[in-house]
Amino acid sequence: MAVVVALQRFNVPSTVGYLLVGVILGPGTIGPVVDAAYIDTVAEFGIVFLLFTIGLSYSLPELRSMRRLLPVLGTGQVVLTTALVTLGAWLIGLPVAAAFVIGAVFAQSSTTIIGKQLAEQGEENTRSGRLGLAMSVFQDVTAVPFVVVIPALAAASGVSTLGPELILATAKAALAIALVFVLGRRLLHPLFRVVARRGSTETFTLTVLFVVLVAAMTTNSLGLSLAFGAFLAGMTLGETEFRHAAETTIRPFRDVLLGLFFVAIGMQFQPSALPDIWAWALLGAVVLVVTKALLVTILVAASGQERAVAARTGLLLAVGGEFGLALLSIALTGGVIGEQLGQIGLASVLLSMIVGTFLIRKNRAIGNAVSRRSTAAAEADGTTQLLPTDLQGHVVICGYGRIGQGVAHLLEQEALPYVAVDLDADRVRAARHVGEPVYYGDAGDPSLIEAVGLNRASLVVIAHDDIPSALVLLGHVQRTRPELPVVVRTRDEAHTAELRAAGAAEVVPETLEAGLAIASHVLLLLDVPAARVESHVRQQRSGQYTLMREFFHGSEPTGAPVGASRAVRTVVVPVDGVMVGRPIESLEGVDVAVSALKRGPHRVVVAPVSGHRIEEGDVVVLVGSEEALSEAERALLRTAR
């Protein structure tokens with residue numbers, strides 16, 4: 001414990017601390033020696049509980065929902081890394097089974113290290129951070145087949161029997177899946193419902209442990225690993241309402257036993273072997289880090305992400321992983337690889353963890369350099385320039401695609417200042433060549449948005465369709481300038497409520513506007529009067545857009561029938577109005593609701609507006625009956641003369 005706490009003070013991951021404790025307690029160093037057999041027996045359940053919690057997070061419905069999210073990136077990285085490293089190891093003389101194990105071990109990345117380091121750096125919500133974490137978690141799921149395959153390799157006596165053993169292992173895995181899922185779905189939900197009714201935390205904890213162990217023993221009896229059964233149990237329980245309670249219950253056991261697992265891994269490392277294997281261990285660490293960094297960068301770039309994002313994601317995933325150590329332990333226990341090769345693999349993964357931590361810490365600078373987006377290169381092709389420092393009251397446009405460009409050109413016509421940021425270097429270069437104030441960068445990076453004058457801006461327009469990035473920026477604006485209005489563009493209406501709750505003053509779905517445009521042309525071609533078409537469109541927009549609804553001077557356009565029970569009216573407060581200085585709530589005594597308040601050329605305060613005082617020149621938006629609106633309007637327009 002003292003070693004782990006001491007290393008954490010220097011921002012060293014606890015995983016490395018546990019491994020170091022294992023090295024100290026192992027037979028290869030001077031000092032206390034603990035019998036590894038006792039620790040190994042208990043430590044294996046660390047992986048069992050880890051697989052169980054991962055299964056809770058990946059129930060079948062959620063896996064189906066992710067089928068289009070990460071199949072190419074997540075699976076592609078694991079498969080390609082495993083294949084390339086296996087081929088390389090086989091070419092230098094390793095047996096096929098041993099080469100495959102090394103490839104599988106090198107394909108894993110540490111979700112723990114990546115998540116912890118990104119959180120410490122405040123980069124967990126950057127585009128590369130989100131993508132890297134998602135791919136790392138997906139790797140944990142793709143590691144499950146390796147848990148099935150490696151014991152089959154141990155059972156195979158040679159290449160000729162490898163195929164039958166893999167087929168047999170696959171058949172056993174299918175049988176285990178059927179048993180756990182069929183029986184689990186019929187028994188687990190009713191069982192946990194009965195236990196939950198008792199209201200006993202102790203009984204619930206014992207039930208969770210019982211389910212995990214029974215599922216693990218079921219797969220073990222079929223010749224598969226204990227961890228595979230725990231994963232299946234987690235997936236089954238993950239479909240129920242007891243998922244989060246089970247995860248909370250198992251977490252302390254998982255963390256403690258995982259610590260023991262890494263201690264057991266560390267005990268397997270023999271420092272005395274370093275003089276003979278250090279060169280191979282160093283080469284292995286280089287292969288692990290470089291291969292994964294390059295493969296992930298290529299895959300992410302091929303998926304359409306910018307080069308800088310791709311390079312930074314590759315650096316995040318270059319670190320070795322806990323699951324790699326777990327697979328290595330399974331292979332050593334089963335005799336798939338020899339002791340010396342196990343020491344080389346173990347040392348390689350440990351070195352990659354140490355190096356990977358520093359790569360994650362410097363991922364922004366290194367990513368920009370290797371992605372040809374360093375400052376010097378960007379200046380050479382015109383994609384960057386000193387950020388503006390003299391702008392005041394300008395509009396910040398995030399994303400300079402067709403939507404962002406359309407907004408910018410309208411602002412130019414009105415002589416309103418703006419700056420735009422975009423991650424497409426070619427687009428930025430082309431815009432800068434014609435003198436437009438566009439800068440290269442990630443709009444989800446708060447430091448960049450601050451650099452383009454967020455504290456002096458009058459409005460922010462999020463014109464790209466990256467919802468997670470938009471939510472990050474909205475959160476930053478709410479923390480630093482909550483009064484600053486933000487307009488967000490989306491492809492459809494699915495995220496409208498979420499974006500408004502995050503602080504967007506208005507959300508504009510593309511599908512809605514396209515539908516209104518098509519409907520307008522349809523009605524006009526059917527000889528519907530233009531005034532009625534305008535009325536329909538205006539009603540639809542006023543129902544969707546808060547700001548448009550609030551600044552219409554009536555519930556219907558000119559010429560429309562009147563008599564609606566509630567209407568909207570805007571009133572401009574005169575300079576010497578008697579209401580100036582009074583709280584906005586004083587108007588609600590005349591049976592009207594204050595829907596919004598417009599103050600100054602750009603600032604808009606959307607409901608609720610309580611807590612504000614009326615100032616001269618304010619545009620007050622009122623909702624109520626015609627009679628009440630007239631009374632409130634007279635009160636606002638009354639002067640002291």
Distance between modelled label sites at Arg251 and Gln392, nm, 7 Å Cα→Cβ extension: 5.0 nm
Nearest-10 value in Å² for the accessible area of Trp278, using the 1.4 Å probe: 150 Å²
Kirkwood Rh and Cα Rg combined as Rg/Rh, segment 200-334: 1.08
Accessible surface, 1.4 Å probe, highest first, among residues Ile250, Ile467: Ile467, Ile250
Computed label-point distance, nm, for sites Leu222 and Phe358 using a 7 Å Cα→Cβ extension: 4.6 nm
Charge dipole (debye, nearest 20) of segment 197-326; +1 at Cβ of Lys and Arg, -1 at Cβ of Asp and Glu: 160 debye
Under Karplus coefficients 6.51, -1.76 and 1.60, residue-wise ³J(HN,Hα) of segment 82-94 in Hz, glycine/proline x: 4, 5, 5, 5, 4, 4, x, 5, 5, 5, 8, x, 7
Ranked order, Ile92, Ile54, Ile24 - accessible area, probe 1.4 Å, largest first: Ile92, Ile24, Ile54
Fully extended contour minus Cα-Cα distance, from Leu410 to Arg198, at 0.36 nm per residue: 69.8 nm
Inter-label distance for Val79 and Ser303, nm, one decimal - labels placed 7 Å from Cα along Cα-to-Cβ: 1.4 nm
Efficiency of FRET between Val182 and Ala365 - r from beta-carbon atoms, R0 56 angstrom, step 0.05: 0.60
Estimated vicinal HN-Hα couplings, Hz - segment 490-499 in sequence order (Karplus 6.51, -1.76, 1.60; Gly, Pro = x): 10, 6, 9, 8, 5, 10, 4, 5, 5, 5
Estimated FRET transfer efficiency (Arg500, Ala279; beta-carbon r; R0 41 Å; 0.05): 0.10
Mean projected area in nm² (Cα convex hull; one quarter of hull surface) for segment 452-493: 3.0 nm²
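Highest mean first, what order results for 496-503, 207-214 on Cβ atoms within 10 Å?
Top of the packing list down: 207-214, 496-503.
The values are calculated or read from the model by the stated rules, or taken from the named source; none is laboratory data. Keep in mind the model is a prediction, meaning the values are calculated, not measured. Reconstructed Cβ throughout: ideal geometry from the backbone, glycine too, with neighbour counts over all protein chains shown. Ligands, DNA and RNA are stripped out before the accessible areas are found, and what is left, the full protein with its side chains, is counted by its heavy atoms. Shrake-Rupley method; radii C 1.70, N 1.55, O 1.52, S 1.80 Å.
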